[in-house]
Each structure stands twice: as C-alpha cells, then as structure tokens.
Amino acid sequence: MRRAGALRGMAYGAEFLLLYLLQQVPGLFPEISHSLPVLLIPAVVTVAFFEKEVPAMVCGLFCGLLMDFGSGSFLGAKALEIAIGGYCVSFLASEFLKTNLLSAVVSTLALGGILSFLQWIFTAFFPGSSESGYLLLYHLLPRTLYTAVFAVPLYYLNRFLATRLRAPADT
Amino acid sequence: MKKGSHKKSLGKLLMVCVLMGCLMLSTAAFSSSGFGGAVNLLLMPMQRVSAALSEQITANAEETATSKEDLLSENEGLKAQVNDLNRQLINYDTLKRENEEYKKYLGLKEENQDYQLLAAEVIAKDPDDLYGSITIDQGSRDGVSKNDPVITDAGLLGWVSEVFPTSSRVTTLFHADAKFGARDSQTQETGIMSCTVQSADEGYLRMNYLDSTTKVQEGDLVVTSGLAVESGFGGLFPRNLTVGTVKSVSRSESDASLYALVQPAVDLKNPKDVMVITNFAGKSAADQNTASSGGNS
C-alpha cells in the first residue's frame, strides 16, 4: 500500500515538474487573448479528484511553490492558495461531487477563477490600477478559460495514474 | 469519510497555512533570492533543455510546412551540414551561434567601447505574470546584476529585475514599471516612455509629455535619453539605445500634452537571444540613483 502511494507520489511529482517546464517554455503554447495556460492548476484539481485531502493539499503545495519560485512574487503565496484549493477540491470530490470529466473541468474553472480573482485583487484592484477592469476581462478571464481546457487531458492522465498505481486494498 | 479524519486533515491544512504565512512574511522581510536561487539552480538545466527542445520542435514544424521540392533541396543541404558538423567539437554549434550573435552587436560595441556585453538565451516565460517577464540563462555567476539593461540586436528589450546564480528574470518594456527617459533622434525632443496594459496588448509603448507644439512625427526613431525618471526606470539605461519608431502622435487623455505611440524595435513578447549590458559608463551613478530613489520593482 505504502509502496503504491510512494509510486503515485513520484509519478505526480514528475508530472508536475514536467508541466511546470512545459508551461514556462517560451513559444510552446500559442497566446490566446495575450494569455498563456497555467498547466499546474488543472493538474492539482484532477489529482485532487482521485486523492484524499492531505495528499491533494501536498500536491497543491508543491505546485504552488514551483509557481512561486518561477514568478518571483512572495514565496508561499501561490503555494498557500493552491494547497487550500487542492484540499477543498478533494473534500468536495469525496463528499459532494461526482468524479467525472465535467466536474473536473468545472472545478478547474472555479479554482482558476478564484486564483485569478485573488491575483487581480492584489496586483490591480488594491494598487488602484486604472486598467484593473481591462486586466480582468482581457487577461485573467481568458487565461482561466484557456487553463481549463487542459483539465481534459490531465483528468484522463491522472485517472490512469491513480487507478494503475494503487494497491488493490486502496480501491 | 469520518468526521475525525476530516478534523485531522483540517489540522494539517491549518499547519500548512501557518507555515506558508511564515514563509511569506520571511520573504517579505528578507530577500527571496536565497530560496529562489537554490530552486533555480536545480530547475535551470531542465528549463534550458525544454527551451531548446521547443525550438527544435518549432523548427521541425516549419520544415514540414514547406513544399516537397524545398524539402528535398533543404534535406540535401542539411545532410551536408550534418556531415560537416559531425567533424566539429561537441559545443561547436553553440559557439558558432554565440559568435554570430556577437557579430550583430559588433557595430553597437564599436560605437560604445564602454559596453560590456554578455550573450544570453531566453529559457522561460512565466504564464502567471500579467506583463510577460522572461528568464534568461545567465546569472550572478556570469556577472549579471540587478537592473542591468537587456538588449537584442534590434534595440532595448528591458532590464534584469531579479538575479539568481545561474539565471535572471528580465522585465520587458511592456511592464507598467517601465518608465524611462527617451528622445526623438530626429527632433531631439525628449519624453517619458511608459506602457499601459492596453497599449502593450496592441504592441505599442507610449512616449508621454510631448509639448503641444511637438515636431515628433510618424517614422521618427526613438532612443533612450539616459535621463532619470523619478519612480521609473530611467537613468539606468545608457544613452542612444534604440527603443522603436513613432507610429502616431495624439493628445493625452489627462492633460494638454501630446503623446506618441511607439512601435518597439524589439519583439518584446517573444525574444529569443539577448545581450545583457553588464557594465557601461555611468552605470555606477545610475545604480546610486536607483538606490537613493528606492529602486524599482
């Protein structure tokens, strides 16, 4: 059981690292409305559908820290947001949501939307940017939608990992 | 799931919240470059490989889009090139490319003997950054320091905003903080370059505070003036770096002055190979100026 858990953890870790590198590669993804997808968000959400709260939170923490290191902002800010996001999605998935593709896409939209809104609040609204509305409408909203598209392949990938790398007693 | 199990996991979530809160406070109080530097050191080689792979994939995609005849002749040419390259050293390609890059800057270097240039490659672009900052593969170990100007062979790209041992983050002129002195090279009129999110999306910079009788007109070349701008970036860029060409002149929305829309000379959204000006005449004075005004973000 433990071995399967460790294997899953390693697989998720490798997946997150690969997605982080891919999302940072300049020119790999086409810009849509001046936005690029943040692949780690659907990755955390889809993993949270197949894992318990604490592992989902750890995944969120790992992805958030990667994003913090990449962005140069406050270290721990994104980590905190995505860790809570991972925890909540896992809780909702175990108690209220059906584990299917639609739920994963909607949850990605919800978490991506909340993260974008928080970013907007702290980087545009509170500093009093005259273009805060424009930023929200033409940058953050398209990015959220663009990011949610990647929930589809990542849902199937993480479902595959979660079911294949699980001890029979866990299922 | 049992309630006890939820309580336990909630406790762990709270613990993580407290830990992350402490981490945020510590990085706000001190510099994050220690943590960031360590992680960058680990991730940089992977970023370099992924950027190179992406470049290769793009090149391959472009190849498949060409006609059969073109492909055949290109194939012949490439075979000959491969044979040739096989005889060379393993790092020949990199050295050759660097050499070609340096050649592009030869004119600039001859005009400005005081410039110390360092070639760098763009290895990452942060999708979470609203202003599209980039990461280059040269850091403090290579002589890069914070606020160093970054250029391409076409002109000014931006400045180094954060330095790690083996990589650096570069903020481009499309950032809201990019305020610096500029001059019309034809009329010698000066203004302050800045950028709004909307103008950046349209691909333009703004040269503000032009006099209402300005002679600045479409097609004029805009270069850095080297003048300091309070709360902006100016003063750190050396003089006469190409910024772009004037696209149009319009009346300002907020006062009686005019502003010019400037098309950047550099592709600010997708730069590839860049040069960092690690030293130039007047740099120390510019650094002191930044330090006394509290620097920029």
Over region B:243-268, the set of residues closer than 28 Å to B:Val122 by Cβ and either modelled with pLDDT under 85 or open to solvent by 40 Å² or more (accessible area, probe 1.4 Å) (or both) is B:Thr245, B:Lys247, B:Gln263, B:Ala265, B:Asp267
When region A:1-49 is checked residue by residue, the ones that are touching a strand residue (DSSP E or B) at 6+ places or on another chain (Cβ under 7 Å) and either in a helix (DSSP H, G or I) or charged (D, E, K, R) (or both) are A:Gln24
Exactly one of B:Lys215, B:Lys179 is within 30 Å of A:Leu137 (Cβ to Cβ) and out of contact with any Lys or Arg (no Cβ under 8 Å at 6 or more places or on another chain), and that one is B:Lys179
Looking across region A:79-88 at residues that are open to solvent by less than 30 Å² (accessible area, probe 1.4 Å) and at the interface with chain B (Cβ under 8 Å from one of its Cβ atoms), the single one that is modelled with the lowest pLDDT is A:Ala79
In region B:122-156, anything small (Gly, Ala, Ser), outside any loop (DSSP other than H, G, I, E, B) and crowded, with 20+ Cβ neighbours inside 10 Å is listed as B:Ala124
Notebook entry, point to check: Based on what the data block shows, is B:Val163 more than 26 Å from A:Ala124 (Cβ to Cβ) and touching a residue at least 12 places away in the same chain (Cβ under 8 Å)?
Noted result: yes
Exactly one of B:Asp201, B:Asp220 is open to solvent by less than 40 Å² (accessible area, probe 1.4 Å), more than 14 Å from the chain's Cα centre (by Cα) and farther than 24 Å from B:Tyr131 by Cα, and that one is B:Asp220
Log entry, pairs with first residue in region A:23-36 being over 17 Å from A:Leu140 (Cα atoms) and within 7 Å of chain B (Cβ to nearest Cβ), second being at pLDDT below 90 and open to solvent by 40 Å² or more (accessible area, probe 1.4 Å), beta carbons closer than 6 Å, six or more apart or on different chains, reads A:Gly27/B:Asn270
Those residues of region A:52-78 which are surrounded by fewer than 24 Cβ atoms within 10 Å (Cβ to Cβ) and under 17 Å from A:Leu7 (Cβ atoms) amount to A:Lys52, A:Pro55, A:Val58, A:Phe62
If we keep only residues of region B:177-198 that are β-branched (Val, Ile, Thr) and within 18 Å of the chain's Cα centre (by Cα), then the residue surrounded by the fewest Cβ atoms within 10 Å (Cβ to Cβ) is B:Thr196
Taking region A:121-164 and keeping only residues that are facing chain B (nearest Cβ under 9 Å) and more than 20 Å from A:Leu18 (Cβ to Cβ), one is left with A:Thr123, A:Ala124, A:Ser129, A:Ser130, A:Glu131, A:Tyr134, A:Leu135, A:Tyr138, A:His139, A:Leu140, A:Arg143
Scanning region B:44-99 residue by residue, those among the β-branched types (Val, Ile, Thr) and either at pLDDT below 70 or open to solvent by less than 90 Å² (accessible area, probe 1.4 Å) (or both) turn out to be B:Val49, B:Thr58, B:Thr64, B:Thr66, B:Val82, B:Ile90, B:Thr94
Within region B:143-157, the count of residues that are touching a Ser or Thr at 6+ places or on another chain (Cβ under 8 Å), away from every other protein chain (no Cβ under 14 Å) and either within 22 Å of B:Leu43 (Cα to Cα) or not charged (D, E, K, R) (or both) comes to 7
Expected output for region A:117-145 (first residue at negative phi, partner part of a loop (DSSP other than H, G, I, E, B) and open to solvent by 50 Å² or more (accessible area, probe 1.4 Å), Cβ below 8 Å, 6+ apart or cross-chain) is A:Tyr138/A:His34; A:His139/A:His34; A:Pro142/A:His34
Residues of region B:113-122 being in contact (Cβ under 8 Å) with a residue 40 or more places away in the chain and over 11 Å from the mean Cα position of the chain (by Cα), in sequence order, are B:Asp114, B:Tyr115, B:Gln116, B:Leu117, B:Leu118, B:Ala119
Of the residues in region B:118-132 that are under 18 Å from A:Leu39 (Cβ atoms) and more than 7 Å from every other protein chain (Cβ to nearest Cβ), the one that is modelled with the highest pLDDT is B:Ile123
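The values are calculated or read from the model by the stated rules, or taken from the named source; none is laboratory data. These figures come from a predicted structure and were not determined experimentally. All Cβ positions, even for glycine, are placed from backbone atoms using ideal geometry, and neighbour counts span all protein chains on display. Just so you know, the surface numbers come from the protein's heavy atoms only, side chains and all, with ligands and any DNA or RNA stripped out. Shrake-Rupley method; radii C 1.70, N 1.55, O 1.52, S 1.80 Å.
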